[in-house]
């Protein structure tokens, strides 16, 4: 089955995400979203807030909680079928940190790491197939 993979989000860790967001807002006209994904992140959008637009997510360095840390560093790819992607990746011998699970803000995801240790979240919007 062919997957329609789209890079939609680049996660960065920073000690001062508000300063980083202000830079992108003032210099490049980015839109800032602070209400999505919890108190320890700011989304920096370069265009409409949808799957076709890439955003940077600035995560508070001091704000990570143990249960969410692994999901807040690296890249996010949207996939059409997160459970199918999970099965395919596991069949390739790549270790996922946990089975796919639903997030309270309307997405299902799982997390892997690339050979250099960069985090990759594979995400499907709930309700999409």
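The values are calculated or read from the model by the stated rules, or taken from the named source; none is laboratory data. Predicted, not measured: the structure shown is a model, and the values here were computed from it. Methodologically, a virtual Cβ is constructed for each residue, glycine included, from the backbone with ideal geometry; neighbour enumeration extends over all protein chains shown.
Do you know which of the residues in the range 102-118 that are more than 23 Å from residue 49 (Cβ to Cβ) and exposed (fewer than 12 other Cβ atoms within 10 Å of the Cβ) is modelled with the highest pLDDT?
114
Here is a yes/no grid of residues against (1) touching a strand residue (DSSP E or B) at 6+ places or on another chain (Cβ under 9 Å); (2) at pLDDT 75 or above; (3) under 30 Å from residue 28 (Cα atoms); (4) surrounded by 17 or more Cβ atoms within 10 Å (Cβ to Cβ):
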site	(1), (2), (3), (4)
49	yes, yes, yes, no
60	yes, yes, yes, yes
68	no, no, yes, no
74	yes, no, yes, yes
95	yes, yes, no, no
99	yes, yes, no, no
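Across the range 17-41, what is the total count of residues that are farther than 30 Å from residue 83 by Cβ and modelled with pLDDT of 80 or more? Spell out the reasoning first.
From the range 17-41, those farther than 30 Å from residue 83 by Cβ are 17-32, 34; that's our starting set.
Still in the list and also modelled with pLDDT of 80 or more: 17-26, 29-32, 34.
Going through the range 17-41 one residue at a time, the tally reaches 15.
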